Each structure stands twice: as C-alpha cells, then as structure tokens.
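Worksheet: one structure, shown below.
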Amino acid sequence: MICSMTGYGRAEYNFADHKTLLEIRSLNSKQLDLTLKLTPFFRLREQDIRSLLAAALFRGKVDVSLTTIPLDSQTPQDRPAASFAAINKDAFRFYYNQLRDLQTQLGAPQESLFAAVLRLPDVMQTAAEASINDDEWHLLQDALGQAIQAFNAFRTQEGRALQTMFTDKLDDIEHLLSQVEPLEKERIDKIRQRLIGQLDQLVEQTRQSVDQNRLEAELIYYLEKLDITEEKVRLRNHIRYFRETMDTAQSDGVGKKLGFIAQEMGREINTLGSKANHSEMQIIVVKMKDFLEQIKEQVLNVL
C-alpha cells in the first residue's frame with residue numbers, strides 16, 4: 001500500500017500553567033525538508049525534536065509548529081514574572097536614539113518608533129527560567145509520538161485514495177490498449193493497399209515492370225517496422241509492474257520508482273503513436289496519454 005506525502009497530525013498536553021499544541025503538516029518534496037516553528041520556550045530542545053522527527057519521517061516538505069497557551073485557570077497577573085518575555089532596555093534606547101536621529105536628518109514624518117524598535121534584534125529577551133524541564137520533555141516526546149502516528153495514518157488514508165485513482169487509470173489504459181488490437185489487421189491491409197496503389201500509378205507512368213518477389217520482400221520489411229507487438233507487450237509489463245510496486249510498497253516510499261515506471265509507459269505509448277498510421281489508433285493513443293498524464297501528476301504526491 002502506498003502512502004501520500006500530504007499529511008496532518010496533531011497532539012496536545014497540559015503541563016503546569018500552560019497547554020502545548022503540536023501540529024505536523026506536509027506537502028510533496030523530493031527530499032525531507034523539515035521546518036520547525038518553535039516558541040523560545042522549546043529552543044533548547046530543538047535539535048532533539050528535529051532528530052525525533054527526522055527518524056520518523058521519510059520524505060516531504062514538513063512544517064512542525066509547537067506553541068504554548070496559558071491555561072484559562074491562571075490569569076496573566078497570576079503568572080510568575082519569569083514566564084514572560086522581557087524588554088532589553090539598553091538595546092531599546094540604542095535603537096530608538098539612532099532611529100530618532102535618522103528621522104530628524106531625513107526630515108521623515110514624526111511617527112512613533114516604538115513598534116519598529118520592538119521588532120529589532122535583541123530588544124525582546126526571554127527569561128532564562130522559561131525553558132522546558134525533564135518532566136515536560138517526557139510529555140512532549142509522548143505528544144510527538146501521538147502526532148506522528150496521526151500524521152502517518154493521514155498519509156496512509158491519502159495513499160489509499162491515490163492507489164484507487166492509479167488503479168482506475170491503469171485499467172483505462174489497458175482497456176484502450178485492447179481496442180488497438182482489432183485495428184491492427186485493418187491498419188496493415190490499408191497500408192499495403194495504399195502502397196500497392198501508389199506503386200501501380202508509378203508503374204503506369206513509367207511503363208516499367210515490377211519484380212513481384214522484390215515487392216513482397218520490401219512490403220514485409222516496411223510493415224515489420226510498423227509492427228507494434230513489442231510495444232504492446234512492454235506497455236502491459238510496465239502496467240503490471242506499476243501495480244505490483246503499489247501493492248508491495250513499504251514504509252520507505254516508492255514514489256520515485258513509480259515515477260520512473262510511468263516514464264517508461266510514456267515511451268511505449270509515444271512509440272505506438274508514431275507507428276500508428278491509422279486515425280482511430282492515434283485517437284486511442286491520445287486518450288492513453290491523457291490518462292498517463294493524470295498518473296504522472298499525482299505520482300509526485302506519493303511518498
């Protein structure tokens with residue numbers, strides 16, 4: 001069973017005076033592209049969190065957010081001062097004076113500089129005591145496990161929908177391929193008649209005889225170059241291999257492999273089109289390309 005790279009997982013826990021929310025989201029990507037959005041409270045554990053996630057996730061553009069929310073039972077006035085961010089007054093004064101001097105020199109409008117200064121580096125400082133302790137770290141590890149489990153379940157569910165879609169499109173391509181076979185004999189007969197008709201016209205114009213044995217040999221050689229038996233066999237083999245790869249997929253992902261198989265299917269379908277020499281067969285080939293293109297678009301989302 002294949003898995004999708006699109007996923008979502010969520011977990012939360014309460015500890016002391018706050019609630020922690022953990023969310024994992026992912027989209028498709030060639031490799032694992034992991035982005036962490038953490039409050040300063042978790043910065044000291046960032047590398048540990050990253051290692052846990054990297055070991056559990058395989059591929060995809062993954063965004064992980066970890067936020068804390070004060071519990072309703074405790075108002076901001078009740079919380080200890082150490083749990084709040086502090087303003088670095090020296091840095092604030094330094095930036096404020098420089099910006100005010102520039103404002104005067106440039107003749108800029110006299111607007112409040114407070115909001116701008118507060119966004120500058122090192123103005124806001126987190127209290128040294130505001131960091132995760134060992135007891136909460138264990139809770140966070142459990143929450144990470146729960147979020148990853150929900151995240152993987154979401155990926156599996158999405159992968160099941162993708163596999164159903166792939167199976168339907170492969171069935172459509174095989175059905176179209178079966179429609180090609182009744183047209184093959186008709187196609188060969190038409191090509192033979194067209195070539196002989198053109199040759200008869202040439203003989204009538206030049207009044208020269210034709211060696212029938214040589215003519216038959218040349219026709220056989222030409223028609224063999226238009227034979228599509230090998231292309232049909234290879235296309236069916238690629239379709240079978242695509243199905244087997246989906247059914248036997250493991251947790252390490254098969255998205256790239258399915259992409260390669262789809263490329264090989266495209267080569268065989270293109271060769272069918274170039275050899276067709278028959279309007280109805282070319283229409284069938286266009287329909288096959290359309291179904292294959294839908295497969296190629298979605299195979300990029302396979303883990």
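The values are calculated or read from the model by the stated rules, or taken from the named source; none is laboratory data. Just so we're clear, the structure is a prediction, and the values are computed from it rather than from any experiment. With ideal geometry, Cβ positions are generated from the backbone for all residues, glycine too; neighbour counts draw on all protein chains shown.
On the basis of being under 30 Å from residue 17 (Cβ atoms) and at pLDDT 70 or above, does residue 88 make the cut?
Yes: the conditions hold for residue 88.
Across segment 118-139, which residue is surrounded by the fewest Cβ atoms within 10 Å (Cβ to Cβ) among those that are of a type in the set (A, V, I, L, M, F, W, C) and either part of a loop (DSSP other than H, G, I, E, B) or modelled with pLDDT under 80 (or both)?
Among those residues, the one meeting the criterion is 128.
Residue by residue, here is whether (1) under 16 Å from residue 150 (Cα atoms); (2) modelled with pLDDT of 90 or more; (3) surrounded by 15 or more Cβ atoms within 10 Å (Cβ to Cβ) holds:
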residue: 57; (1), (2), (3): yes, no, yes
residue: 62; (1), (2), (3): yes, yes, yes
residue: 69; (1), (2), (3): no, no, no
residue: 72; (1), (2), (3): no, no, no
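Which members of segment 19-40 meet the condition of being buried (at least 19 other Cβ atoms within 10 Å of the Cβ) and not polar (S, T, N, Q)?
22, 24
Out of 280, 264, I need the residue that is at pLDDT 95 or above and surrounded by fewer than 17 Cβ atoms within 10 Å (Cβ to Cβ). Which one?
On the way: 280 fails: at pLDDT 95 or above.
It is 264.
What number goes with the only condition from (1) surrounded by 12 or more Cβ atoms within 10 Å (Cβ to Cβ); (2) modelled with pLDDT under 85; (3) in contact with a strand residue (DSSP E or B) (Cβ under 9 Å, 6 or more places away or on another chain); (4) of a type outside the set (Lys, Arg) that residue 76 does not pass?
(1)
If the requirement is being surrounded by fewer than 19 Cβ atoms within 10 Å (Cβ to Cβ), more than 30 Å from residue 27 (Cα to Cα) and charged (D, E, K, R), which of these qualifies: 297, 244, 230?
Selected residue: 230, the only one of 297, 244, 230 that is surrounded by fewer than 19 Cβ atoms within 10 Å (Cβ to Cβ), more than 30 Å from residue 27 (Cα to Cα) and charged (D, E, K, R).
Look at segment 91-114 and say how many of its residues are of a type outside the set (Phe, Trp, Tyr) and modelled with pLDDT under 80.
6
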